[in-house]
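To start, the structure itself, in structure tokens.
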Amino acid sequence: MIAVSFFDGFFILVTSTASPALPESPWPDLPPPLAPREQREILQLGRSRIDAYAWMKFIPQSGSRSLDLLPSPLREHLKAEMDYAQGILRPLGPEAGRFHRRMVERAPEITEPLPASSRGWRYDFKLPAGCSHRIFCRMGPDGEEQLLFDEADRASGHAYYRATGHQHSPDDRWFAWAEDVVGADRHRICVLDMVSGIIRTVVEADAFGYGGFTFSPSSRHLFWDLARWTQPADAPVSLAGRGRRGGAGA
């Protein structure tokens, strides 16, 4: 504390080492979990490096990752991290709803245009106010709008949902996209018949969804990158194709 006073023509400076009492912290005093270091040598591109946390990287040969299927050391550590996060953030529990509303209000609008059609169709989507899932539609040459599908329906029942790569076939009969309903970047590819309105899942899992599929010029086939990992390279290694009706590989 610092005080200044005027006495007999002089300014007197008085200092004190006492500090005001700090408010009590609302955060629990919890020790964070520490991941153990395990020396592992990795040979890559002709070079050797040591990754002490390589044991934390687990990618199954097929299917989706889940907590129950992880190796025991990794599963226990992730559980400890989740318990720590829940404990340290518990004081914010009563404000969670308000934080979520504020985040939704400030979410940027999605402005990425959909591919244009050479046959007069214009593809677009709508994002209702306060919603995070899009409604896809298209406008015909006669100006009539056709609703394609609502992402909210696709996301229903899933704790996680992300869709990417939306595109129509060259003949404007099919509309395809890749969606991840787990959060493991292992996508399934869905195709909508825009005449009947039926949606089919032609690739159940392991598709590379980020620009990794396309229709053939004839609209009869769909080609995609197969997201298959091998140890220790961890890179997509093959390309697969399938008829848009879910037929045999092409």
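The values are calculated or read from the model by the stated rules, or taken from the named source; none is laboratory data. Only a predicted model underlies this, so the values are computations on that prediction, with no experimental measurement involved. Cβ atoms come from the backbone with ideal geometry, glycine included; neighbour counts cover every protein chain shown. Accessible surface is based on the protein model in full, side chains and every heavy atom, while ligands, DNA and RNA are left aside. Shrake-Rupley method; radii C 1.70, N 1.55, O 1.52, S 1.80 Å.
If you find the alpha carbon centre of segment 26-56 and of segment 163-193, how far apart are they in angstrom? Cα centroid to Cα centroid, the span is 35 Å.
With a Förster radius of 22 Å applied to the C-beta separation of S218 and I198, the computed FRET efficiency comes to 0.60. Using the average count of surrounding beta-carbon atoms within 10 Å as a protection proxy, the listed peptides 193-203, 93-103 rank, highest first, as 193-203, 93-103. If the chain linking K79 and H158 were pulled fully straight, counting 0.36 nm for each residue of separation and taking away their Cα-Cα distance, it would gain 26.4 nm.
With the biggest extent put first, the Cα atoms of segment 136-180 measure 39, 19, 12 Å across the principal axes. Approximating the spin labels as points 7 Å out from Cα along Cα→Cβ, the R40-to-R122 distance works out to 5.3 nm. Residues W177, W27, W55, ordered by accessible area of protein heavy atoms at a 1.4 angstrom probe radius and largest first, appear as W27, W55, W177. Extending 7 Å from the Cα toward the beta-carbon at both F99 and W27 defines two label points whose distance is 1.2 nm.
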